[in-house]
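The values are calculated or read from the model by the stated rules, or taken from the named source; none is laboratory data. In this text the structure is predicted, and so the values were computed from the model without any measurement. Cβ atoms come from the backbone with ideal geometry, glycine included; neighbour counts cover every protein chain shown. Only protein heavy atoms, including side chains, enter the accessible area calculation; ligands, DNA and RNA are left aside. Shrake-Rupley method; radii C 1.70, N 1.55, O 1.52, S 1.80 Å.
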Amino acid sequence: METPQKTPAELFAAQALASQVKKELTENILPYWMGKMINPDGGFYGRIDGLENLDPESPVGNIMTARMLWTFASAYRLLGNQEYLDMAVRAKDFIISNFYDPELGGTYWSLSSDGTPLDTKKQIYAIAFTIYGLAELNRATGDGQALEYAIKLFNSIEDHSFDAEKDGYFEAFTREWAPIEDMRLSDKDANESKTMNTHLHVLEAYTCLYRVWKNELLEERLRGLISIFEEKILGTDGHLKLFFDDDWNCNYDIFSYGHDIEASWLIHEAALVLGDPEVLERIEKIVPHIAEAASEGFTPEGGMIYERVGEEIDRDRHWWVQAESVVGYFNLWDHFGSQKDLENALMCWDFIKASIIDKENGEWFWSLRADGSINRDDDKAGFWKCPYHNGRMCMEIIERTR
C-alpha cells in the first residue's frame, strides 16, 4: 500500500520523538550496559537487581546475551560507534565460545558465572534470539563468522524443532535434542509443546536472517510462519492465542496486550522483508485489527497494562510492553496514516519518561505497579531484563524518521 501523506505537524512531532529516543539510547540505555555488565573475566555479568546491586555469581542467560548482541550490533549499524561494535563482538565471541554446543548444535540455556554450561537444555526461543543477534551483526558489518553460526542454528531448529506433519515449532528439548518434560519458557507459562511467544521470535529471527541470506528453505519457512500467525495463532477477536498442544488446540483464556502490539508490527515487518505483494496485502488487512485488540489494554495516562487471565487483570505497566507499544503505534501511523496512532505513541513515550526510566541510576525499571509504585523487586538487568525492547524501540523510531 502507498504510505499515507503526513502533515507538517505530525512530521515535526515524529522528528522530535526521534531526537529524544536517540538521546535516551546513547546517553542512558547503552551506557548502562557498557558500564555495569561487562565481566572482566570474560563475557558479561548475569544480574543487577532492582536495588542496583550487582550479583557477580548469578547465572548468565543465553537470552540476555543474544539480545545484547542484537542491540549493540543494531546500534552500530545505525550510529557507527566503535564501542557498540566492540560490545556486539564481545557478545558474539562469548556465545560461540561458551553458549554454542559444538558437539550437538544449538545453544545452552544458561552458564554459571564462570562461563561453564549450567542448564544445557535447548530452548528454541533462546536459539532464535541467538540467530537474531548473529544475523544483525552480519547485516551491520558483513561478519562471516556471525552468519556461519546463524545458519548452523537455523539448521538445528529446522532439523530438530520443525513439525513437518502439523506445522510450527516445538518448544524445547534436552541437550541431546530428546523430548523434555518441562518445556516452559518461564514459571508463568503453560507447559505446552507450541507457543505464540516462541513462534513470534522465530519469525523475528528468520526475518532478520532473510535480510542477509536469501535461502530457499528460509523463505519457505518465513512464509509458513506468517501463515501460522494468520491461521492458527490470531483469534477472531484480534488477540493472539498463547499456548497450544501438538495439534494447535488452545484451551487458555489469556490476553497478553504487550505481545499483541509487538506482534502487530513484527508480522508486518516479516511481510515487508519477504517482499511478496500478495502476502503483504493480506497482512496489512490484519495489522490494524491486532493493534486495535491490544488497545484494550491502553490506559488514559498512556501506559499499556500487562495482561488479562480469565477475569483477572494485571494492571502493572511493564517496561517492555511500553517500549513495544511505542513501536506498534508508530508503525500504524507510519504505514496507515492515523494521527491518533501517532498520538498514542507519543503518550506512551511520555509515560515512559515520567514513570519507567530510572533517572538516577540509568536504564529502566521493570514496571510501574497498578498502585502507582515503582517495582524494585524485579531486576534492572538480568535473565529477562535486557536492552533489547527499549533499545529497539529507540532504534526503530530513529530509523523510521531518517
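Could you run through region 191-212 and say how many residues are outside any helix (DSSP H, G or I) and buried (at least 16 other Cβ atoms within 10 Å of the Cβ)? Give the derivation first.
Of the residues in region 191-212, the ones outside any helix (DSSP H, G or I) are 191-195.
With buried (at least 16 other Cβ atoms within 10 Å of the Cβ) added as a condition, the list becomes 192-195.
So the count comes out to 4.
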- Mind checking whether some residue in region 252-265 is touching a Phe, Trp or Tyr at 6+ places or on another chain (Cβ under 9 Å), modelled with pLDDT of 95 or more and exposed (fewer than 15 other Cβ atoms within 10 Å of the Cβ)? yes
- Message: Can you go through P40, P8, P31, P59 and tell me which one is modelled with pLDDT of 95 or more, open to solvent by 20 Å² or more (accessible area, probe 1.4 Å) and touching a Leu at 6+ places or on another chain (Cβ under 6 Å)?
- Response: P59
- Single condition E343 does not satisfy, out of (1) closer than 25 Å to K285 by Cβ; (2) buried (at least 21 other Cβ atoms within 10 Å of the Cβ); (3) not basic (K, R): (2)
- Task: Can you tell me which residue within region 95-125, out of those that are open to solvent by 40 Å² or more (accessible area, probe 1.4 Å) and of a type outside the set (S, T, N, Q), is nearest to N197 (Cα to Cα)?
- Result: D119
- Task: Check L153, L137 and return the single one that is over 20 Å from T198 (Cβ atoms), of a type outside the set (V, I, T) and either in contact (Cβ under 8 Å) with a residue 40 or more places away in the chain or in contact with an Asp or Glu (Cβ under 6 Å, 6 or more places away or on another chain) (or both).
- Result: L137
- Message: G238 - would you say it is open to solvent by less than 20 Å² (accessible area, probe 1.4 Å) and over 25 Å from A126 (Cβ atoms)?
- Response: yes
- Message: Of everything in region 355-372, what is closer than 18 Å to V21 by Cα, assigned to a loop (DSSP other than H, G, I, E, B), in contact with a helix residue (DSSP H, G or I) (Cβ under 9 Å, 6 or more places away or on another chain) and not hydrophobic (A, V, I, L, M, F, W, C)? Give them in sequence order.
- Response: D358, K359, N361, G362, E363
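So that you can scan it fast, the table gives a plain yes or no per residue for (1) open to solvent by less than 10 Å² (accessible area, probe 1.4 Å); (2) at pLDDT below 95; (3) not aromatic (F, W, Y):
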position	(1), (2), (3)
R282	no, no, yes
K285	no, no, yes
P288	no, no, yes
A291	yes, no, yes
P300	no, yes, yes
M304	yes, no, yes
D314	no, no, yes
Q322	yes, no, yes
V326	yes, no, yes
- Restricting region 43-53 to residues that are touching a strand residue (DSSP E or B) at 6+ places or on another chain (Cβ under 7 Å) and assigned to a loop (DSSP other than H, G, I, E, B), which is most open to solvent (accessible area, probe 1.4 Å)? R47
- For M183, all conditions in the list (1) in a loop (DSSP other than H, G, I, E, B); (2) touching a strand residue (DSSP E or B) at 6+ places or on another chain (Cβ under 6 Å); (3) in contact (Cβ under 8 Å) with a residue 40 or more places away in the chain hold save one; what is the number of the exception? (3)
- Query: Just checking, which of I267, I261 is touching a Gly at 6+ places or on another chain (Cβ under 6 Å) and β-branched (V, I, T)?
  - Reply: I261
- Matching entry among R392, R369 (being of a type outside the set (V, I, T) and either open to solvent by 40 Å² or more (accessible area, probe 1.4 Å) or in contact with a Cys (Cβ under 8 Å, 6 or more places away or on another chain) (or both)): R369
- Message: Going through N344, N390, N331 one at a time, which residue ends up being closer than 23 Å to E269 by Cβ, more than 19 Å from the chain's Cα centre (by Cα) and either of a type in the set (F, W, Y) or not in a loop (DSSP other than H, G, I, E, B) (or both)?
- Response: N344
- Can we say R184 is open to solvent by 30 Å² or more (accessible area, probe 1.4 Å) and within 20 Å of E269 (Cβ to Cβ)? no
- Could you grab me the full set of residues in region 295-328 that are touching a strand residue (DSSP E or B) at 6+ places or on another chain (Cβ under 7 Å) and not in a helix (DSSP H, G or I)? F298, G303, M304, I305, Y306, E307, R308, V309, D314, D316, R317, H318
- Answer yes or no: is there a residue in region 270-278 that is more than 20 Å from T236 (Cβ to Cβ), open to solvent by 30 Å² or more (accessible area, probe 1.4 Å), modelled with pLDDT under 95 and of a type outside the set (A, V, I, L, M, F, W, C). no
- Might you let me know whether region 243-251 holds any residue that is among the aromatic types (F, W, Y), surrounded by fewer than 16 Cβ atoms within 10 Å (Cβ to Cβ) and touching a strand residue (DSSP E or B) at 6+ places or on another chain (Cβ under 6 Å)? no
- Message: Cβ contacts < 6 Å: first residue at negative phi and outside any helix (DSSP H, G or I), restricted to region 54-83; second residue of a type in the set (S, T, N, Q) and surrounded by fewer than 24 Cβ atoms within 10 Å (Cβ to Cβ), any location; separation 6+ or different chain. Result?
- Response: E57/S113; P59/S110; G61/S110
- Message: Just to verify a result, which residue in region 152-169, among those that are crowded, with 18+ Cβ neighbours inside 10 Å and among the aliphatic types (A, V, I, L, M), is farthest from S227 (Cα to Cα)?
- Response: L153
